[in-house]
Structure formats: C-alpha cells, structure tokens
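Participant: Supplied in structure tokens, the structure appears directly below.
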Protein chains: 2
Amino acid sequence: MNLILFDDNDRLDAQRMHLRDPVRLRHLREVHHATPGDELSVGLVGGALGRGRLQSLDDTGAIFTVTLDREPPAPLPVHLLLALPRPRMLARTLEHVTALGVKRLTLLHTRRVEKSYWQSPELSPEKIRHHLRLGLEQARDTHLPCVTFEPRFKPFIEDRLPAHLSGRRALIAHPGMATTCPRGLEEPVTLAIGPEGGFVPYEVERFEALGFEGVHLGERILRVETAVTALLARLF
Amino acid sequence: MNLILFDDNDRLDAQRMHLRDPVRLRHLREVHHATPGDELSVGLVGGALGRGRLQSLDDTGAIFTVTLDREPPAPLPVHLLLALPRPRMLARTLEHVTALGVKRLTLLHTRRVEKSYWQSPELSPEKIRHHLRLGLEQARDTHLPCVTFEPRFKPFIEDRLPAHLSGRRALIAHPGMATTCPRGLEEPVTLAIGPEGGFVPYEVERFEALGFEGVHLGERILRVETAVTALLARLF
C-alpha cells in the first residue's frame, strides 16, 4: 500500500478523512507501524494526490488531515481488449494493468475462453473494484479504470467496436504475426490480446478486417499476464 | 505446457523418450487429450527443440519418438541482479523471467529484503528448478537459466560483481532516477532491480560507483514482478 486511497464516503469535512476499512487499518498498524503525527501518501478516488497527517488511530478507524494538491500520473493512451483470463489470472492482471496506467479495459469472450470463466465470482463488481484499487494503491494513482464485459464476440466486434476505433492505432498481439511490436508510441492505441492458446484464425481475420495490425513479441509464448505487461511496457 | 521438456534421464534410445512425471502425464491426458499417434512440441533440456510422436500412454508413462532439429529461441543478453523477492513472488518471477529469456539471474540480499526470505523452502534447488522448467515449457525454450544466490550484499558488490561487468552496460532500475529506461538495446546488459520498497541510498551509491546508470519507468511504483517484465520488455 504505497498510497492510502480515500473516497467521498470517507470524508468528514473539507480537510479530514476517516479510514474505516479493517484491512487497510491493519496494514497501517502492522506494516507502516503508523502513529499519530505520521505523514503518509494519500489520494482521493477520481481526484488528486497529496499528503495525509494521521490524527488518531484506533480499532474502528483512523482520521487523517489531508492536503490534496498534486495530479495523479498520466494514464496510458490505450484501450485494452483482453480475452477474459481464467479467474486467478484475471485478478492479478487487473492489478498489473491498473498499476501500469490502463484506464479502459474490455474483457472479451473468444473461442478459447472457457465459458465457465464468465460465471466466476471474480467478475463481481466488488471483486473487480477491489483489484483495481490495489493496482491504484500500488502505483500511486487515483483514477479507476473503466472495465466493460463483452461475453459475445460477434456483436461486440460487429456492432460496438468499430465506433471506438476512430483516430486510434489498432493492434492485435498474436504469436506468428508478421511485424514485431512497435516501441514508444505516443498516439492512442486499441490493443487486442487473446486468451491462453491465442485467438482462432477467424477472430484474427475479424480484427484485421477492422484495420487491426498484427504484431508479435518474438518466438516465445508468454502467459497472458506476462504478455500484457510486456506489450504495454514496449508500446508506451 | 506448450512444450514437453525431456532430460537425459528420460532417454530410452537415440529416438525414444520416456515421460514418467505424473503431473505432466496427467496434463497430457486431461489438457491435451493426447492419444497415440499425436504429435506434440518437445525439447531436450539444454538441447534442441522438435516434434514428438506419442507411441504409447498409460498410467506409468508415455513413450515418444522424437525428432530434435531446431534451435531454441535466442536468450536475452542480460544478467539480472534481483533483490530476493518474497517467496510467492519469487516463484512467479522465476517463471516470468525464464519465459522472457533471461539466462543469468543473481538473487541478492539488500537492506529491505526480509532476512526470513532466505530460509524459505522456495529456495531449494528442486523448487527453483521446477519454476524454471515451467518458464521454459511456457516459452518453448530448453536452456535453463543459471541462478545464483548472494545472501550478503557487500562481499558480492565489492568482491564478485566487478569482474562480471566488463563489456556490459550496467543499469540500476530505481524510482526517481534521472533517466527513463532506454529501449531496444542490443548490447549485453547487467540490470539491477531492488526489492519492494526499493534499494536504500547507500546501495544505489555502491552500484553507481561501479558504473551503473540509474534508470526509471516513470512515476508509477510497480510491484517487483511487474517491474521486471516491464523493464525486460522495454530494454530488449
């Protein structure tokens, strides 16, 4: 927890925030060994970053006086289209991509996504938000990514995706494509990444028909969570 | 398991390999649904890649006729000096860096590494080798990385590290350094990465005194496993 992230529900008045979440209270005591008077990095979900001075701490809550005066780090200019990973990998991937600065994430069904993944409790709004917040706290950021679900491939790619591509470079990462992944882009990018086992050829064709350029990261086949981080680090 | 990795103990004769490991046998049956006659990607630890045709499969073993005729993918020209991560993160990090093509890894003690991590069963040769093999099987590679342990910072940096730096570019990744991490290097690199919480200033100074250049990945603070993947993907 490199940042204590408050939301508007935690606000006592213009300057004071009240942290009541037992997990973060324990972290404050047991990892930070915080005592009244300590100053810590704080932020407001959707708002600014700053410093918080701990006023009081007991079993039920901690009160901070906060000064929020800095902008969070710049987001990555990317819309990530990710085939829904298996639940445990989803949790970690949400944290990685949030920490890296992704603000738009679409979780997509493709042929090689197991249908049961869509029933996982990891897809509940509470669980998703939990992992996104962990990613923000890790990276000292405050803006939650917007996560959408597309459990049907064809309606998404035919009816909704085309409207989101204007003015963006569109890339599909897939082993065996012709071009190596470009480096250091500054333009907005829509990046599609397949599931374990990859996209099927029909899916690659559908993306290509919309103008997606196929890119690869070399001969090595990477796990989805490794590939996502590697692609984002290389692209931006 | 994108690759079935044999070692010399599995060899029956010049062309036949005998897989007996129960975990991989189960994977072969339950994930690949393999039956005699199927062809799968195979490799020999430390050797070539190729194809294996399944001859027989029962509860005690599988026999493959193999043709090993391709070189594994090129290694990354990097010597990674990594502050020992906490045990669960170590396991995943070993898999990530092996899949990415790291062949020299030194796990190092630094001030902010908890001493108890050095007692973890995850550091046993069997566990380390297990995670390295998983990384190789993931990426379809055959050459195991060489992993060394340096549980004392000072003797390592004073007595052993200098001899390994000749002809290499040396980088230390640390938040707040002056330069952003370079991209697309082709020269050999020695890359030092700190623990959660980072190197302490004294450690950064010791690396700098040996000619390490400080580099950063931006304002965001990343978990070690994310940072390692992001740095390697950006550097090479």
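The values are calculated or read from the model by the stated rules, or taken from the named source; none is laboratory data. Treat the numbers as computed from the prediction; the structure is a model and nothing was measured. So basically every Cβ, Gly included, is an ideal-geometry build from the backbone, and we count neighbours across all protein chains shown.
Participant: What about residue B:23, is it surrounded by 15 or more Cβ atoms within 10 Å (Cβ to Cβ) and not assigned by TED's automatic domain parsing to the domain that holds residue B:101?
Facilitator: When the stated conditions are applied, residue B:23 does not pass them.
Participant: So, one more: So, in segment A:1-17, exactly how many residues are within 11 Å of residue A:52 (Cβ to Cβ) and of a type in the set (Lys, Arg)?
Facilitator: 1
Participant: Another one. What number of residues within segment A:153-189 are surrounded by 14 or more Cβ atoms within 10 Å (Cβ to Cβ), under 17 Å from residue A:84 (Cβ atoms) and not aromatic (Phe, Trp, Tyr)?
Facilitator: Here the count works out to 5.
Participant: How many of the residues making up segment B:174-227 are touching a Cys at 6+ places or on another chain (Cβ under 6 Å) and under 19 Å from residue B:164 (Cα atoms)?
Facilitator: Qualifying residue count for the region: 0.
Participant: So is residue A:231 out of contact with any Lys or Arg (no Cβ under 6 Å at 6 or more places or on another chain) and facing chain B (nearest Cβ under 9 Å) or not?
Facilitator: Yes: the conditions hold for residue A:231.
Participant: Would you check which residues across segment A:95-145 are within 14 Å of chain B (Cβ to nearest Cβ), surrounded by fewer than 16 Cβ atoms within 10 Å (Cβ to Cβ) and within 22 Å of residue A:79 (Cβ to Cβ) and list them?
Facilitator: A:112
Participant: Just checking: which of the strands (runs of 3 or more DSSP E) contained wholly in segment A:137-232 hold 2 or more residues that are among the small types (Gly, Ala, Ser)?
Facilitator: A:169-173
Participant: Hey, another quick one. Mind checking which residues of segment B:100-127 are of a type outside the set (Ser, Thr, Tyr), in contact with a strand residue (DSSP E or B) (Cβ under 6 Å, 6 or more places away or on another chain) and not in a loop (DSSP other than H, G, I, E, B)?
Facilitator: B:104, B:105, B:107, B:108, listed by residue number.
Participant: Please pick out the residue among A:150, A:137, A:213, A:203 that is more than 26 Å from residue B:230 (Cβ to Cβ), touching a residue at least 40 places away in the same chain (Cβ under 8 Å) and in contact with a Leu (Cβ under 7 Å, 6 or more places away or on another chain).
Facilitator: A:150
Participant: Select, from B:176, B:135, B:197, B:214, the only residue that is under 24 Å from residue B:90 (Cα atoms) and modelled with pLDDT under 95.
Facilitator: From the options B:176, B:135, B:197, B:214, the qualifying one is B:197.
Participant: Do we find a residue being within 10 Å of chain B (Cβ to nearest Cβ) and within 20 Å of the chain's Cα centre (by Cα) anywhere in segment A:215-223?
Facilitator: Scanning segment A:215-223, I find at least one residue that is within 10 Å of chain B (Cβ to nearest Cβ) and within 20 Å of the chain's Cα centre (by Cα), so the answer is yes.
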